[in-house]
Amino acid sequence: MKLFLVAGLCAGLATAGSFSYNDFGSVAGLTLNGNAAQAGSALEVVPSVVSQAGTAFYTTPIALDGSTRFSTSFEFLVQTDPNSSLGVPDGFTFLLQDVGPSALGAGGQGLGYVGVDPSVAVVFRGRGPSFIGVIAGGIDPANLIVPFDPAGSTSFTEGAFYGQDEFAWIDYTPGGTLNVYLSSTDVKPLAPVMSTSINLAGNVGSQAYVGFSAGNGGAYGSQDILNWSFDSSEAPEPATASIFALGLSALALLRRACKR
């Protein structure tokens, strides 16, 4: 009786997934594609070589629906190669996509995500025009309605978040709000540096592989992720939460009755 009741309640509960890499001395659980590689204790999404494209995804997808929320944080370091005569590299993305764990897009300005569809990319472009913004559908930033200016994006001076360790946090709420926080220290700022509305499930589907992409073109440098943590959940619907609460009450009464 108790087992049946508990099983019935758990069937309607939220799913959740979380993982953490304090560094990348091990890349177990990740699928690396293209030019992405483990480099010491770093995840080198692309090396400091001309014309590169790389992606790295957690091999197990997360579930997506209207109740999904997630929080992720990572430390990154993008460095311009001293031999890059064309200046700073294009940048990288935090990418959610449902092509598969081996998905790989175009290099250079394509940042490893262009052509990967369905997807939602949180773009960290440090080459001018520099911005942090969200692009869905694997679209080249130059082909947006306003080139290099996604809705809700924030502009930066070229190379503003390159050449030093930077910390980023991305939070997504069930209402479809995506916030990005950025700091040169490991203390999360109170206010986001960028905020926009995006329906992840509507743009990606019922699941997403999460990870990073990057690209080098004629301008190049190393683009490394130094650590990464991720946590996602689906909040139970109000009806499910109510049933769960009632079930707990019933279970408590059952236990009392059994003790008599």
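When the solvent-accessible surface of protein heavy atoms is calculated with a 1.4 angstrom probe, in what order do Ser41, Ser48 fall, highest first?
I get Ser41, Ser48, largest accessible area first.
Provide the packing ranking of 183-190, 52-59, i.e. peptides ordered by the mean count of other C-beta atoms within 10 Å per residue, highest first.
Taking the mean over residues of other Cβ atoms within 10 Å, the ranking is 52-59, 183-190.
In whole Å, what are the Cα extents of the range 150-201 along the three principal axes, biggest one first?
Principal-axis extents of the Cα atoms in the range 150-201, largest first: 34, 24, 18 Å.
Could you order Leu77, Leu178 so the one with the most accessible surface comes first? Probe is 1.4 Å.
Leu77, Leu178
How much net charge surrounds Glu158 when only other residues with a Cβ under 12 Å from its Cβ are counted (Lys, Arg +1; Asp, Glu -1)?
Surrounding charge for Glu158 is +1.
Ordering Leu95, Leu86 from largest to smallest accessible area (1.4 angstrom probe), what's the sequence?
Order by accessible area, largest first: Leu86, Leu95.
What length, rounded to one decimal in nm, is gained on full extension from Val187 through to Asn143, with 0.36 nm per residue of separation minus their alpha-carbon distance?
That works out to 12.3 nm of additional length.
PRE reach from Phe19 (point 7 Å along Cα→Cβ): which of the range 189-223 fall under 17 Å by backbone N?
Those under the cut-off are 207-213.
On a C-alpha basis, how far is the centre of the range 139-208 from the centre of the range 83-104 in Å? Whole number, if you could?
After rounding, the separation between the Cα centres reads 15 Å.
At 0.890 mPa s and 25 °C, plugging the Kirkwood radius over alpha-carbon pairs of the range 17-130 into Stokes-Einstein gives what diffusion coefficient in µm²/s?
Taking Rh from Cα pairs, D becomes 163 µm²/s.
The values are calculated or read from the model by the stated rules, or taken from the named source; none is laboratory data. For clarity, every value in this text was computed on a predicted model and none was experimentally measured. Every residue, glycine among them, receives a Cβ derived from its backbone with ideal geometry; neighbour counts consider all protein chains shown. The area values use the complete protein model at the heavy-atom level, side chains included, leaving out ligands, DNA and RNA. Shrake-Rupley method; radii C 1.70, N 1.55, O 1.52, S 1.80 Å.
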